[in-house]
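The values are calculated or read from the model by the stated rules, or taken from the named source; none is laboratory data. Since this is a predicted model, take the numbers as computed values, not measurements. Neighbour counts are summed over all protein chains in view; Cβ atoms, including those assigned to glycine, are modelled from backbone coordinates with ideal geometry. The accessibility values were calculated without ligands, DNA or RNA, using every heavy atom of the protein model including side chains. Shrake-Rupley method; radii C 1.70, N 1.55, O 1.52, S 1.80 Å.
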Amino acid sequence: MKAIVFDAFGPADVLHLGDVAMPEIRPGDLLVKVHAAGVNRADLLQRQGYYGRQSYGESDLLGLEVAGEVVAVGSDVADVRIGERVMAIVGGGAYAEYARVDRGMAVRIPPALDDLGAAAVMESFVTAWEAAVHLGGTAKDTSILVHAAAGGVGSAVVKIAHALGARVFATSNAERRDDVLALGAEAVFDYRSEDFEQSVREATGGTGVDVIVDFVGGDYLPRNLRSLAPGGRLVQVGLLGGQDSTTIPLALLLHNHLLLIGTVMKSRTADEKRAMVRRFAEGALPLFGDGRLTPLVGRVFPLAQAAEAHRAMEEGGGFGKVVLKVAE
């Protein structure tokens, strides 16, 4: 089958279309004809050699999420039929014509979603649901601050929180303010020119927010803790700021009974990922079925142009998920 491969770590130009062996399914697997695959920041890091030869998945091929049609099922799979449409998280292997999918990490695609939209759901929205709802406790009438809200997972957090009836505040650059407001945020603060700590304090009458989901890290951490209401939860999902260490105001953490929670998808075990997908299927998937949640697709590239897709993500400036179209 055709797949995107690379012979050495490097820039996007190392990616090219090649021939690889078909994946062999195990008893608990599905074999999916890939119609579309989402492009994620982790794919770029893997291509650049950030993870070295370490693998958190089961395929050396790029790609962590697929949407497509089931063409074969393992001997232990009794609840999925050949011909059904599914979207799934995979441990690599999405940039290909066929992908092996763990049944526990796949869900049926709601009829309202096309394949391109479905390919933009799993990594972003499963991560977002886990961070905002399962760990953060976001619900109706809670308040939440979402950093990097114009990004793939950040925008999904905004959408989820708004759909649940939460009061949503966000940070992004000024150019994306209107886009993030359109997702359901009440107010969006420009991270380059506005002090989000002061803005949150003013917007909440000095009480702070119940939940913060942060993808930046570094010196955001003490400012985040000061922006939380007593009993609030800070869920740290990423380190886009590139700064790993910072000062923690422990007295504030203790006095206000705050929770600091770290989470990341890639390093989780298979059982943990299955549990995340199960929680997403139970809580979020119905919201896609009735239209309260919709994926955000940005640019679409054919599989053979994976290098161009990576360059588009690296250049930034886009809004919505970059998706590879693999087959009809």
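What to note about this one:
- Taken together, the criteria exclude Asp179 from residues that are of a type outside the set (A, V, I, L, M, F, W, C) and more than 25 Å from Val235 (Cβ to Cβ).
- When Gly52 is tested against (1) touching a residue at least 12 places away in the same chain (Cβ under 8 Å); (2) part of a loop (DSSP other than H, G, I, E, B), only condition (1) is not met.
- Failed item in (1) closer than 23 Å to Leu225 by Cβ; (2) in contact with a helix residue (DSSP H, G or I) (Cβ under 8 Å, 6 or more places away or on another chain); (3) of a type in the set (Ser, Thr, Tyr), with Ser143 passing the rest: (2)
Residue-by-condition table, conditions (1) touching a Leu at 6+ places or on another chain (Cβ under 8 Å); (2) at pLDDT 95 or above; (3) acidic (Asp, Glu):
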site	(1), (2), (3)
Val14	no, yes, no
Val32	no, yes, no
Asn40	yes, no, no
Gly52	no, no, no
Glu58	no, no, yes
Leu64	no, no, no
Val70	yes, yes, no
Ser75	no, yes, no
Glu84	no, yes, yes
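- For region 125-142, the criterion of being crowded, with 21+ Cβ neighbours inside 10 Å, in contact with a Pro (Cβ under 8 Å, 6 or more places away or on another chain) and under 20 Å from Gly38 (Cβ atoms) is met by at least one residue.
- Filter result for Glu97 (at pLDDT 95 or above and open to solvent by 30 Å² or more (accessible area, probe 1.4 Å)): yes
- Only one entry in Phe215, Phe196 is among the aromatic types (Phe, Trp, Tyr) and in contact with a Phe, Trp or Tyr (Cβ under 8 Å, 6 or more places away or on another chain), namely Phe196.
- If only residues of region 159-173 that are open to solvent by 10 Å² or more (accessible area, probe 1.4 Å) and modelled with pLDDT of 95 or more are counted, the one that is nearest to Arg292 (Cα to Cα) is Ala163.
- Some residue of region 73-90 being more than 21 Å from Met122 (Cα to Cα), among the polar types (S, T, N, Q) and assigned to a loop (DSSP other than H, G, I, E, B): yes
Let's see how each residue does on (1) modelled with pLDDT of 95 or more; (2) more than 14 Å from Arg167 (Cβ to Cβ):
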{"site": "Glu186", "(1), (2)": "yes, no"}
{"site": "Asp190", "(1), (2)": "yes, yes"}
{"site": "Phe196", "(1), (2)": "yes, yes"}
{"site": "Ser199", "(1), (2)": "yes, no"}
{"site": "Gly205", "(1), (2)": "yes, no"}
{"site": "Gly208", "(1), (2)": "yes, no"}
{"site": "Ile212", "(1), (2)": "yes, no"}
{"site": "Phe215", "(1), (2)": "no, yes"}
{"site": "Pro222", "(1), (2)": "yes, yes"}
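- Inter-residue pairs, beta-carbon under 8 Å, first surrounded by fewer than 14 Cβ atoms within 10 Å (Cβ to Cβ) and in region 72-93, second in a strand (DSSP E or B), 6+ apart: Arg81/Val70; Arg81/Val73; Ile82/Val70; Ile82/Val71; Ile82/Ala72; Ile82/Val73; Gly83/Glu69; Gly83/Val70
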